[in-house]
1. Taking the Cα centre of region A:116-160 as origin, sum charge times position over the Cβ atoms of Lys and Arg (+1) and Asp and Glu (-1), and report the length of that vector in debye to the nearest 20.
2. Whose amide H sits under 5 Å from the amide H of A:Ile82, counting only residues 5 or more places off or on another chain, with H placed in the peptide plane?
3. With springs connecting C-alpha atoms under 10 Å apart, model chain B as a Gaussian network and identify which of B:Pro29, B:Pro138, B:Pro297 has the largest mean-square fluctuation.
4. Compute the FRET efficiency between A:Gln225 and B:Asp63 as 1/(1 + (r/R0)^6), taking r as their Cβ-Cβ distance and R0 = 56 Å, and round to the nearest 0.05.
5. Among residues other than A:Phe281 whose Cβ falls under 11 Å from its Cβ, what is the net charge (Lys/Arg +1, Asp/Glu -1)?
6. Taking the Cα centre of each part, how many Å lie between region B:197-212 and region A:69-147?
7. Where the centre of each part is set by its Cα atoms, how far does region B:19-46 sit from region A:220-294, in angstrom?
8. Among A:Asn135, A:Asn112, A:Asn55, which one moves the most in a GNM of chain A with springs linking Cα atoms closer than 10 Å?
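The values are calculated or read from the model by the stated rules, or taken from the named source; none is laboratory data. These numbers were taken from a predicted model, which means no experiment stands behind them. Neighbour counts are summed over all protein chains in view; Cβ atoms, including those assigned to glycine, are modelled from backbone coordinates with ideal geometry. Remember, those area values only see protein heavy atoms, side chains included, never the ligands or the DNA or RNA. Shrake-Rupley method; radii C 1.70, N 1.55, O 1.52, S 1.80 Å.
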Number of protein chains: 2
Amino acid sequence: MFLSFTGDSFNIMSLTVVGSVAFDALETPFGKRDKILGGAATHFSLSASFFTKVNAVGVVGGDFGEAEWDVFRRHTINTDDIEVVPDGKTFFWSGRYDYDMNTAQTLDTQLNVFETFDPKLSENSKSAKLVFLANILPMLQKQVREQCSNAGFVAMDTMNFWISSMKDAVIDTIKVVDCVIINDAEARQLADEPNIHKAARKIMDYGLKALVIKRGEYGATLFTQNGYFSAPAYPLESVFDPTGAGDTFAGGFMGYLASQDEINDDTLRRACVYGSVMASFNVEKFGTERVETLDYPEINQRFRDFKKMTHFDDIAFEQASSAA
Amino acid sequence: MFLSFTGDSFNIMSLTVVGSVAFDALETPFGKRDKILGGAATHFSLSASFFTKVNAVGVVGGDFGEAEWDVFRRHTINTDDIEVVPDGKTFFWSGRYDYDMNTAQTLDTQLNVFETFDPKLSENSKSAKLVFLANILPMLQKQVREQCSNAGFVAMDTMNFWISSMKDAVIDTIKVVDCVIINDAEARQLADEPNIHKAARKIMDYGLKALVIKRGEYGATLFTQNGYFSAPAYPLESVFDPTGAGDTFAGGFMGYLASQDEINDDTLRRACVYGSVMASFNVEKFGTERVETLDYPEINQRFRDFKKMTHFDDIAFEQASSAA
């Protein structure tokens, strides 16, 4: 067991996320959208909101409308710490996915108010037991982590851009968190090591309690100090829009952990599966469309599907009865 | 249940493999070997020999020595149908793996006696209940399959070369077998479909009972008419030499099935895991070196490791106790 929350005043405002809130424009082989709600903190908090109370910390411009706020409100996400810059414009990203749906081609990035994002955490946000530092400047992630002195389990994402341009800062931040949730290529790049298991060991050695490596259509892999767990991806014949899948995974992962009394190998494994469950829904429609309409029976049904598709009976091979 | 062998005279000479027996020259970042035993039928039968009796069908030249025959003998593999062409030379392949160990670069291929390989099956080989058609010319695979009229479960491999040069012949052969065991890229190429689940459905629709898609470091995926199963790869920090991993997988898979009284979703799942177990040993040393020295406790220990690394408790999320 890493951490026990039993007897704590844990269920109130238990999870804080800091990251981007954005408008996205997307083109996929299945259609396009000119301006839809996006951003790491958005995808994360929507996903996590199914499991726990979430404080979202971010910044938007005056163009962020009632329709967008409504999405957060409907999911009881606390948006007190989403700063509004009335004269500014919300972060805008435009991208295109080609037929293989694996990598996005960025068409346009307008940082707008996000360029000078300086996360301001209320006492409420600071006091969360779990914190997720979505992909922002690593120095900012570290500042936020240091403000949340009460936090028992802090996880972070990052991206190739920071790893190539300021790896030392990324590593400095890793050293003050408990868990890193990154993708395959980022892990190899960060550790400068092509073998993913060696790379994982190197990253764990910065002092992590857990490392989750997201592998897209191949699922997710969890490394802990004593354990190794592999979850497949849900078999989908159509990936409609992968934008936000990683943050939706992280939201399910951290949200589920926040809902549990303990963080240990067992809850981390189930958190990985719930993360995979949520991500599998996210990619079925554009942006947040699918996750917005989810319900608990759907979530639990897919969780059980994961159990079914990985189950095999633990029956050792009996040499005597058959071979030789 | 697809097939029941109960009450049958099943345990005697139950599995036949047709494919290459070769000498390999290998270079990897960890070392090199100038001339070691290789070939699909070799890797397959060594692996399968831990689970059942195997008949190997192939061809070698006069340069195939006692040391090589000894490897087969020590594993009680029936080599009566490995034809010897005294004046010919054994199939020779030379390849190199770079640092990422994922794809082999072929340096030299000398087909030698394998160029005119015309598999001749004895009554014994023909009468096997399970048959594996390793990667050879698809028309030859089909001829062999037709000779084995007694076979209850026939599986085949193929390769990108045949799929690009004679896809129709590959499909003709698929239509007369029960199971295809191929890699990721081959499945996409065969189905002309980037989504692996759509590709799998298209291939299954040729009339298969099972399809196994090998995904290298990401494990293996089993499709059956009513089921889907995903097995991870064993987490290895050093992949020493991946040559023959696919055939070793197939050997464990088919060998395990041959040892069971029934082929059904449960035994196919465990076969996938035993295939993964055997492949994970194969890559730990050069060529057949590691599999040659395996024992049952090691095999079963690794099987249990697979169980551990995929296990999670089937506990649905309880909304009331935590969220909203």
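1. Numbers: 5 positive and 4 negative charges, 18 e Å.
Once rounded to the nearest 20, the dipole reads 80 debye.
2. A:Gly58
3. Maximum fluctuation in the GNM of chain B, among the listed residues, is at B:Pro297.
4. Working: r = 52 Å, r/R0 = 0.93.
Between A:Gln225 and B:Asp63 the formula returns 0.60.
5. Numbers: positive: A:Lys285, A:Arg290, A:Arg302; negative: A:Glu284, A:Glu289, A:Glu292, A:Asp295, A:Glu298.
So the surrounding residues net to -2.
6. 42
7. Measuring centre to centre over Cα atoms gives 41 Å.
8. The residue with the greatest mean-square fluctuation here is A:Asn112.
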